[in-house]
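Peer 1: Sending over a structure as structure tokens; questions will come in a sec.
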Amino acid sequence: MTTVTTQPTRQSAPTPSAKPKTRFRRRFAVTGAVGPLGIGIAGLWLSVIVLLPLAALAVTSFENGWSGFWDAVTAPGALAALRVTVVVSAIVALVNVVMGTAIAWVLVRDEFPGKRIVNALIDLPFALPTIVASIVLLSLYGPQSPVGVHLNATQPGLIVALAFVTLPFVVRSVQPVLIEADREVEEAAASLGANNWTIFRSVVLPTLAPAVISGAGLAFARAIGEYGSVVLIGGNIPRETQVASQYIQQQIEIDRPVSAAAVSVALLAIAFVTLFVLRLFAARNQRREENAQ
């Protein structure tokens, strides 16, 4: 009887360069560092595209000193334009909270013919020139409206125009959250006898609230600086339908660039505060979710 002896298999030792390379790849994958060159390129591009134009705008707005800036911002026409802009934008954000959430719900939870087409149409305001939207709205709701609805030179006309260009912000913010939502919790609530409104208010709405608030804030920030979609349907009536962007255009046309820059800085400050608050809210919500886990 012959015995067969087996030799233990030897594992080949890693080459000297394999370990450092693996360590480098692991470190790069974890940290995602791009190095000083990448940081320098990003900072340079950000400065050229964003920081330098904003700095030039701020310098122009303060050419006459702080008192000149304050007088330009608090002029009756400027205050009226800012008031109309903020009020209408807030109304548009609230309208989009309701309608955008409803549309996102239908697109996620229901199946119907043409769903893909509707889903693609939601992003149309992102690609369509806003002046085209103003022409279409003027043709549809203007003095010669084929449907008998006249919204030209009215604040409801402004609301319709701004709602058109800001609707995707709410829909696209809520839609992914609805897709990832746990349906088993809703089914459990339904099995315990909860009706649809109770399920939505107690189960679905708390989950959607951060996305809804984020979409509403983005819609508001977008609406306060809109010009193209309201330039025709709005009518540009001072103290009634004239928004801040139209007031800025008017100041440039009458050769008052300092006043135009001052009101632009005021709009910029409103948008920045809105986005900053949204960032704080998102960070707070993220910390709350991490602590809950």
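The values are calculated or read from the model by the stated rules, or taken from the named source; none is laboratory data. Just so we're clear, the structure is a prediction, and the values are computed from it rather than from any experiment. Every residue, glycine as well, gets a Cβ built from its backbone with ideal geometry; the counts of neighbours run over all protein chains shown. When the accessible area is computed, the model is the full protein with side chains, heavy atoms only, and any ligands, DNA or RNA have been set aside. Shrake-Rupley method; radii C 1.70, N 1.55, O 1.52, S 1.80 Å.
Peer 1: Just to confirm the number: angle between the C-alpha axis of helix 244-253 and the first principal axis of the chain, 0 to 90 degrees, nearest 10?
Peer 2: Computed tilt is about 60 degrees.
Peer 1: Can you divide the C-alpha Rg of the chain by 2.2 N^0.38 Å and report the result to two decimal places?
Peer 2: Working it through for the chain, the quotient is 1.44.
Peer 1: Put +1 on the Cβ of each Lys and Arg and -1 on the Cβ of each Asp and Glu in the chain; which of Val84, Ala55, Tyr247 then has its Cα farthest toward the positive end of the dipole?
Peer 2: It is Ala55, whose Cα lies furthest towards the positive end.
Peer 1: Sticking with this structure for a sec: Give me the percent relative contact order of region 57-210, please, defined on Cα pairs under 8 angstrom at least 6 residues apart.
Peer 2: 25 percent
Peer 1: Quick one: what are the phi-derived ³J(HN,Hα) couplings along region 112-118, Karplus 6.51/-1.76/1.60 with θ = phi - 60°, whole Hz, x for glycine and proline?
Peer 2: Listing the rounded values in order: 7, x, x, 4, 5, 5, 4 Hz.
Peer 1: Taking a probe of 1.4 Å, how large is the accessible area per residue of the chain, in Å²?
Peer 2: 64 Å²
Peer 1: Need one word for region 146-293: rounded, prolate or oblate. Basis is the Cα gyration tensor (sqrt eigenvalues a ≥ b ≥ c); a/c below 1.5 gives rounded, then a/b vs b/c decides.
Peer 2: Judged from the Cα gyration tensor, region 146-293 comes out oblate (a/c at least 1.5, b/c at or above a/b).
Peer 1: Right, here's the next one. About its Cα centre, what dipole magnitude does region 140-282 give when the only charges are +1 on Lys and Arg Cβ and -1 on Asp and Glu Cβ, stated in debye to the nearest 20?
Peer 2: Roughly 260 debye for region 140-282.
Peer 1: So, one more: Through the Karplus equation 6.51 cos²θ - 1.76 cosθ + 1.60, θ set to phi - 60°, convert the phi angles of region 287-292 into ³J(HN,Hα) values in whole Hz; use x for Gly and Pro.
Peer 2: Result, rounded to whole Hz: 5, 5, 5, 5, 5, 5.
Peer 1: Have a look at Ala189, Ala72, Ala219 and tell me which one the Gaussian network model of the chain (Cα, springs below 10 Å) gives the largest fluctuation.
Peer 2: Residue with maximal mean-square fluctuation among Ala189, Ala72, Ala219: Ala189.
Peer 1: State to the nearest 20 debye the size of the charge dipole of the chain about its Cα centre, where the only charges are +1 on K and R beta carbons and -1 on D and E beta carbons.
Peer 2: Result for the chain is approximately 1420 debye, rounded to the nearest 20.
Peer 1: Using alpha carbons only, how many degrees (0 to 90, rounded to 10) separate the axis of helix 130-141 from the longest principal axis of the chain?
Peer 2: Approximately 60 degrees, to the nearest ten.
Peer 1: Given the options Pro168, Pro76, Pro36, state which has the largest fluctuation in a GNM of the chain using a 10 Å cut-off (strictly under) for Cα springs.
Peer 2: Pro36
Peer 1: Roughly what angle does helix 205-223 make with the longest principal axis of the chain, taking Cα atoms, 0 to 90 degrees, to the nearest 10?
Peer 2: 50 degrees
Peer 1: On to the next question. Return the FRET efficiency for the residue pair Arg109, Thr60: r is the Cβ-Cβ distance, R0 is 51 Å, and the value is rounded to the nearest 0.05.
Peer 2: So, using R0 = 51 Å, E works out to roughly 0.50.
Peer 1: Which order, highest average first, do 40-50, 204-214 follow once you tally other Cβ atoms within 10 Å for each residue and take the mean per peptide?
Peer 2: The peptides rank, most packed first, as 204-214, 40-50.
Peer 1: Could you look at region 44-131 and say what percent of its accessible area is carbon and sulfur, using a 1.4 Å probe and all protein chains?
Peer 2: Its accessible area is 76 percent carbon and sulfur atoms.
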